[in-house]
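What follows is one structure encoded as structure tokens, with my remarks underneath.
The values are calculated or read from the model by the stated rules, or taken from the named source; none is laboratory data. Here the structure is a predicted model, which is why all the values come from computation and not from measurement. Note: ideal-geometry Cβ built from the backbone for every residue, glycine included; neighbour counts use all protein chains shown.
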């Protein structure tokens with residue numbers, strides 16, 4: 001740790017432990033009071049979150065999940081945003097015991113993509129129908145240094161295949177200086193995503209043995225620097241399984257409140273990765289604080305109640321069955337057809353000896369889309385908010401009074417129809433067109449008046465139709 005560097009004093013472990021200690025064994029009446037409050041979509045306090053985290057009654061758990069589902073549907077409707085990660089390098093100088101990319105892992109096949117290879121991977125993802133990518137890299141940059149990242153973003157945006165293109169690049173990278181965050185902002189990124197992995201300092205030190213990532217405070221304060229640099233959409237998360245999940249969600253709330261108090265807006269997204277097996281990692285196969293499927297669904301539902309307007313992300317770490325269950329308790333964004341090794345999309349199935357972790361959902365984008373349709377959700381490939389300035393506080397100003405639906409729902413249908421026309425298999429297209437008709441039937445007249453002309457334009461061959 002740098003003694004002169006920034007301190008993440010907003011994470012107060014004593015407060016978290018005291019909150020958990022006084023919240024055990026909640027009474028049913030108290031739980032139902034909290035759920036009634038949560039349905040007003042004004043969030044929950046630390047004590048209220050802790051109280052819900054100790055609920056074990058199947059009936060009360062069902063009521064927590066039902067409240068989360070109602071809130072998610074009220075804000076996001078039936079939409080599920082789709083994206084794909086693009087791993088560009090697995091070179092890393094850190095020694096993180098849970099990660100296959102760690103420096104000492106001789107079993108891993110190391111690779112850093114050239115710009116030509118990045119363009120090729122991007123075109124493959126475009127041909128699958130993707131419009132939004134998340135760039136991921138190990139924390140050691142190649143010879144070009146940070147310019148490699150900036151060149152990567154430029155390469156992705158320049159790639160075109162017929163009517164297809166990537167319209168928004170989000171990034172998951174190592175913590176940066178404020179100046180480098182400004183460069184990312186100028187390069188046109190959407191969200192800067194960074195996971196603390198664990199907020200528990202003792203556990204953090206035990207699993208991060210060497211490298212810059214060992215500095216807890218440098219990592220925990222990175223999003224402050226990002227927002228100081230003008231990136232108002234940031235994403236947070238922890239790696240569930242390293243420490244007690246109850247502690248972790250309360251610590252996330254402390255970070256969220258800190259960002260809200262300092263910058264006026266919290267994170268744009270929260271991700272929920274669980275430890276999955278990784279080549280050369282014993283801890284990844286035997287999580288010290290394994291989170292059961294039931295607790296996993298419960299913690300996601302609680303976070304939806306606590307931060308109702310925040311996007312919540314589920315990756316392909318989880319199986320198709322678990323992913324389906326999370327859609328109903330708060331998840332609003334999902335990856336599809338993912339590979340977690342550099343060059344994995346060209347290689348098809350990907351290289352398990354080049355991947356960061358083991359995937360749980362190996363289905364193609366079309367298979368995921370077809371499944372989502374069957375569940376009654378609308379796949380969305382929308383990127384409009386980033387390009388119209390509806391980010392940060394501006395997004396929240398529309399979301400909280402419910403006005404965002406007059407943008408998001410029509411845009412979702414427009415981008416979904418693009419996918420159906422350009423990329424879907426015949427059976428998927430038929431099912432999707434039927435779903436669009438159902439969605440239109442449930443819209444109010446104002447939404448219909450916006451959506452129908454947009455859909456007509458897409459049907460006539462126009463692309464990138466949004467408001």
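Here is a check on your reading of the model: is residue 240 in contact (Cβ under 8 Å) with a residue 24 or more places away in the chain, in contact with a helix residue (DSSP H, G or I) (Cβ under 6 Å, 6 or more places away or on another chain) and surrounded by 22 or more Cβ atoms within 10 Å (Cβ to Cβ)? So residue 240 fails the test. Considering the range 9-65 alone, what residues qualify as being modelled with pLDDT under 95 and either assigned by TED's automatic domain parsing to the domain that holds residue 304 or crowded, with 19+ Cβ neighbours inside 10 Å (or both)? If the condition is that a residue be modelled with pLDDT under 95 and either assigned by TED's automatic domain parsing to the domain that holds residue 304 or crowded, with 19+ Cβ neighbours inside 10 Å (or both), then 23, 26 are the ones that fit. Each residue in the range 343-378 was checked for being touching a residue at least 24 places away in the same chain (Cβ under 8 Å), under 23 Å from residue 136 (Cα atoms) and not in a helix (DSSP H, G or I), and 15 pass. When restricted to residues that are within 30 Å of residue 205 (Cβ to Cβ) and either under 21 Å from the mean Cα position of the chain (by Cα) or in contact (Cβ under 8 Å) with a residue 60 or more places away in the chain (or both), the range 112-146 contains 7. Restricting the search to helices (runs of 4 or more DSSP H) fully inside the range 90-204 and requiring at least 1 residues that are out of contact with any helix residue (DSSP H, G or I) (no Cβ under 6 Å at 6 or more places or on another chain) and farther than 28 Å from residue 364 by Cα gives 147-158, 178-187. Within the option set 269, 340, 316, being surrounded by 18 or more Cβ atoms within 10 Å (Cβ to Cβ), touching a helix residue (DSSP H, G or I) at 6+ places or on another chain (Cβ under 9 Å) and either within 24 Å of residue 243 (Cβ to Cβ) or free of Cβ contacts under 8 Å to residues at least 60 places away in the same chain (or both) holds for one residue only, 316.
Determine whether residue 435 is crowded, with 19+ Cβ neighbours inside 10 Å, modelled with pLDDT of 95 or more, closer than 30 Å to residue 305 by Cα and not assigned by TED's automatic domain parsing to the domain that holds residue 366. Yes: the conditions hold for residue 435.
If you go through the range 413-429 one residue at a time, do you hit one that is within 21 Å of residue 69 (Cβ to Cβ), under 20 Å from the mean Cα position of the chain (by Cα) and crowded, with 22+ Cβ neighbours inside 10 Å? For the range 413-429, residues within 21 Å of residue 69 (Cβ to Cβ), under 20 Å from the mean Cα position of the chain (by Cα) and crowded, with 22+ Cβ neighbours inside 10 Å: absent.
Residue by residue, here is whether (1) surrounded by 22 or more Cβ atoms within 10 Å (Cβ to Cβ); (2) in contact with a helix residue (DSSP H, G or I) (Cβ under 8 Å, 6 or more places away or on another chain); (3) within 22 Å of residue 412 (Cα to Cα) holds:
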residue: 286; (1), (2), (3): no, no, no
residue: 308; (1), (2), (3): yes, yes, yes
residue: 351; (1), (2), (3): no, yes, no
residue: 369; (1), (2), (3): yes, yes, yes
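Among the residues in the range 73-86, are any closer than 30 Å to residue 206 by Cβ, surrounded by 18 or more Cβ atoms within 10 Å (Cβ to Cβ) and in the same structural domain as residue 194 (by TED's automatic domain parsing)? Yes: one or more hits.
Listed conditions (1) surrounded by fewer than 18 Cβ atoms within 10 Å (Cβ to Cβ); (2) in a loop (DSSP other than H, G, I, E, B) are all met by residue 231, apart from (1).
Consider the range 265-316 and keep the residues that are in a loop (DSSP other than H, G, I, E, B) and within 12 Å of the chain's Cα centre (by Cα). The one that is nearest to residue 70 (Cα to Cα) is 310. Taken over the range 159-194, the residue count meeting the criterion of being surrounded by fewer than 18 Cβ atoms within 10 Å (Cβ to Cβ) and touching a strand residue (DSSP E or B) at 6+ places or on another chain (Cβ under 9 Å) is 3.
If the condition is being in a loop (DSSP other than H, G, I, E, B), in contact (Cβ under 8 Å) with a residue 12 or more places away in the chain and out of contact with any strand residue (DSSP E or B) (no Cβ under 6 Å at 6 or more places or on another chain), then the range 49-89 contributes 54, 55, 57, 77. Could you list all residues from the range 413-467 that are at negative phi, in contact with a strand residue (DSSP E or B) (Cβ under 9 Å, 6 or more places away or on another chain) and not in a helix (DSSP H, G or I)? 423, 463 - these are the residues of the range 413-467 that are at negative phi, in contact with a strand residue (DSSP E or B) (Cβ under 9 Å, 6 or more places away or on another chain) and not in a helix (DSSP H, G or I).
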